[in-house]
Amino acid sequence: MSSLVRQQAILRLVRDRALATQAELAEALREEGHDVVQTTISRDVHELGLAKVRAPSGRLVYAAPGADDADRKRAIGVAMRRYAIGVERAGPLVVVVTPSGYASALAQAIDEGAHPGIAGTIAGDNTIFLAPREGTTAAGLADELREHLT
C-alpha cells in the first residue's frame, strides 16, 4: 500500500471519527485492511501535520490541518490553565513557567495545538521557551497566553 493511500485513509478517519491516540488510529486503519506499525503512524501524523483539538466530548482528538482554529486555541488555553503558573516576554522569546516536571507536558500541548503565532517550543523541567513566528511579537504572544491564567 502506498503512503498516499494510507495518508488519505488517515485524513478521512480523523475527519469521521474521534481518534485520540496513535494506537487508536492504527487500530482503525487495521480495521480497514491497512497493515501498519506504530512508527509508520507516527511519521504519517507528523507529515500530515495532524494536531489535537478538543472534541465536543471534551476529549483531545486528532484533527487535520485547517481544523477549527478556535478549537486549537481552546486546547492550548486548557493546557495553560492546567500547567502554567507564569508567562513573560524575554527579548524575542516568551517564557512560560510551570511547577517542576510539567513543562514538557505543556510544551507538547502547545505544539499539538499548532498555534499560528508559535514557531516552536523548548521545554526544560519547569520552563518553556516559545519562539514566535515572523509577524508575531513576543509581547503580544505573552499577553495572549497570560490571559489564559486569569
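Every number here is computed from the coordinates shown, using simple stated rules; none is lab data. Here the structure is a predicted model, which is why all the values come from computation and not from measurement. With ideal geometry, Cβ positions are generated from the backbone for all residues, glycine too; neighbour counts draw on all protein chains shown.
The residue 11 and residue 150 beta-carbon pair, evaluated with R₀ = 41 Å, returns a calculated FRET efficiency of approximately 0.65.
Taking Cα atoms only, the orientation of helix 3-16 departs from the longest principal axis of the chain by about 70 degrees.
For the chain, the longest principal axis of the alpha carbon atoms and the long axis of helix 38-48 meet at an angle near 60°. The listed peptides 35-48, 7-20, ordered by packing as a protection proxy, come out as 7-20, 35-48 (highest mean of other Cβ atoms within 10 Å first).
The distance separating the Cα centre of segment 70-113 from that of segment 24-57 comes to 25 Å.
Estimate the FRET efficiency between residue 139 and residue 35 by the formula 1/(1 + (r/R0)^6), using the beta-carbon distance for r and 41 Å for R0, to the nearest 0.05.
0.25
Placing +1 on each Lys and Arg Cβ and -1 on each Asp and Glu Cβ, with no other charges, gives the chain a dipole about its Cα centre of roughly 240 debye. How much of the pair distance distribution for the chain lies past 24 Å, counting alpha-carbon pairs only, in percent? Counting pairs separated by more than 24 Å, the tail of P(r) holds 37 percent.
Taking label points 7 Å from Cα along the Cα-to-Cβ direction, residue 2 and residue 24 give a separation of 3.0 nm. Helix 69-83 axis versus longest C-alpha principal axis of the chain: approximately 60°, rounded to the nearest ten.
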